[in-house]
Amino acid sequence: MSNATSSFNAISTPAPSGLAPPHGPPPVSPDKALRIARTRAYPHQLWWLIASFIALIAIFQFLSWALTKVSSRSPSKAKKPADAEVGGTPSATLRRFSWRNVSSALINLYRVVAFRWTLEIGQSYTLNLAEVFVTCGYIVALFTWEFVNTTNIEGMKFDPNYWTSRAGVLAVSQFPLVTALGTKNNVIAYITGISYDKLNYVHRMTARVVFVLLWVHAGGKIHAFAEFPTVWEEWFVRVGLTALIAFSILVLVSLRPIRARMYELFYFTHFLMVLIMLLGGYFHANMLKQGTYVWPSFLIWGLDRFIRFARVVYYNHLYFGFSSKADQLDASVELLSPHFVRLHIHRPPHFNWTPGQTAYLAMPSVSGNPLEMHPFTIASVDSHYQLAGVKTPATGDVEKKFSEANDVAPYWKELVFLINVREGFTKRLAGIAETEGKVKVLIDGPYGFSPNLDHDDTVVLIAGGSGVSFTLSTFLGILSHVQNKKSICRKLVFIWTIRDASHIDWVSKALTKALELAPSDLEIAIRIYVTAPDTNVDALRQVKSWGEDDSIHSSEETAIGRSRPPSLLNFSAVQLMQGRPDLHGLLNEEVAASTGRLSVTVCGSQGIARACRKALRIPLSTALNGGPSVVLHVESFGYA
């Protein structure tokens, strides 16, 4: 054994009192025996706690689902209240206190406290109290096991020999958890019913707590190695330090401001640094026979990548088979504005999705790396949700279908994406869209869990900008289920905030067709808010009332009998207003006018999400007096 290794052992193991026996190994130090036993036992205890918590969440999710199923009326047997049948809305004056409302009131109180009371850090970070509780609980658990029972047999508290090595073992024991939470095919997501993108916060949180714990381990060892500089010549020490430096770089680039502005840098740095960290961590930990905590991370990551690769091959097999039909899968790219691109893709065989799900798109001719994939929300709905009356273009004329990118049929038949133009990948895609070109796209997905709104009496959908991708598909899905008697929804409110009035044209024809075919017994309200200060809303209403896209049609075309399509603004259900919406007032009006179950689904900026959370902090008395049971769904917006 080298002198450095001997010095390292001398630090970890105090010399035993008394003389060693003349034959056999020297006696084991009581301190060392305790340290080894606790270092081996505490990671197992920590994992039992984490597994119990995951099981508890899964049980709560199942009970919530079962309670919704049992308490909700069957869609086919649902009836409107008497005042709604005669054309009015349920009045708050008809409400009164009932002991039967106590359970609903307590559930509402839990939702308000856990998910609508938030801790706001600047303009970028918002944590609800449930996330704060999980974060604090995880930190307390790790550092309790880190520093508990660190008094040696001589009475010295927080003996570094106890907690330095233990910090490293506790940290590496969490590598499989951190890895699993970061995968798209997330086993924890399927167990708990929480979407992988919402668990991504827990992934980042656990990684950062483990990062701090690793520096606690490294800091203690660096202090101890100061007296034995030759220890730094040991290869496993250098490997461990390299892994920790890679982890530090990874944590730096994963900060939200950097991640949002330089996503491609984060994407490649994340992949490379994770690989270095896991490899270095394995060889370093395996010196103390703790590598069994690290190698499962490679299996978890590899299984996720294999599933994703298999999906890409399965859904895009015409490309890989060099079929003559492969060109039919090329995506049509259209520049809607300098900041938004619309992308149409012929639906791959066997690809099915539910409203609000996302897909990962790889475009080798656009990306800097052919393996690079970006997530986007699907703005259209699967053909299973097609409304009766929507006509599908004739098959066989793919070029004509793609050239009519504004037609309504693709929203029920194709994959449609509304993409916000940023730097890098999306900026290059916008350049292709300027020439109305086509790109080859490989699809992986769908991902995410769509909220089940079939048992909600009133549904409110709120979007900001490109967040309409999520709310539009949800809107179309609800209409389909109401039409097919699968949903009990009686009122559907669609609120959309846009910068410029021209953005209405992104989805105007799909919404127009949906309103034409909507069930007559469903109350629909569409409110569009234009925030541009120089917008003349009254003039816009007058122009738009003549028909869509008049500016591109000459008077001769109209004179010869060209039929104008119906305008979205001609419908009484549609209101166009200037300025930002008063979300607090709008949501409070819906709460006051609703009975039964009210759901609010939001996809927009942090500001919109914060406003909705504050507006729905309804008092306990509202539910006790017969008010609605309110559910809030907040979808992430952008890369963050």
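If you take just the helices (runs of 4 or more DSSP H) that sit entirely in segment 129-212, which of them hold at least 3 residues that are within 29 Å of LEU288 (Cα to Cα)?
The qualifying helices (runs of 4 or more DSSP H) are 129-147, 160-173, 175-181.
Which of the residues spanning segment 368-385 are in a loop (DSSP other than H, G, I, E, B) and without any contact (Cβ under 8 Å) to a residue 60 or more places away in the chain?
PRO370, LEU371, ASP382
Restricting attention to segment 120-146, which residues are touching a strand residue (DSSP E or B) at 6+ places or on another chain (Cβ under 6 Å) and at pLDDT below 85?
Within segment 120-146, GLU120, THR126 qualify.
Checking the condition among the charged types (D, E, K, R), at pLDDT below 80 and surrounded by 14 or more Cβ atoms within 10 Å (Cβ to Cβ), which residue from ARG73, ARG95, ARG38 passes?
ARG95
Which ones in segment 483-501 are more than 25 Å from the chain's Cα centre (by Cα), closer than 17 Å to PRO355 by Cα and either surrounded by fewer than 23 Cβ atoms within 10 Å (Cβ to Cβ) or aromatic (Phe, Trp, Tyr) (or both)?
Once the filter is applied, which keeps residues that are more than 25 Å from the chain's Cα centre (by Cα), closer than 17 Å to PRO355 by Cα and either surrounded by fewer than 23 Cβ atoms within 10 Å (Cβ to Cβ) or aromatic (Phe, Trp, Tyr) (or both), segment 483-501 yields GLN483, ASN484, LYS486.
Tell me which residues, restricted to segment 371-396, are farther than 15 Å from GLY477 by Cα, charged (D, E, K, R) and modelled with pLDDT of 70 or more.
GLU372
Working carefully through the options ALA224, ALA218, find the one that is farther than 16 Å from ALA180 by Cα, in a helix (DSSP H, G or I) and at pLDDT below 85.
Going through ALA224, ALA218 in turn, just one is farther than 16 Å from ALA180 by Cα, in a helix (DSSP H, G or I) and at pLDDT below 85: ALA224.
The values are calculated or read from the model by the stated rules, or taken from the named source; none is laboratory data. For clarity, every value in this text was computed on a predicted model and none was experimentally measured. Methodologically, a virtual Cβ is constructed for each residue, glycine included, from the backbone with ideal geometry; neighbour enumeration extends over all protein chains shown.
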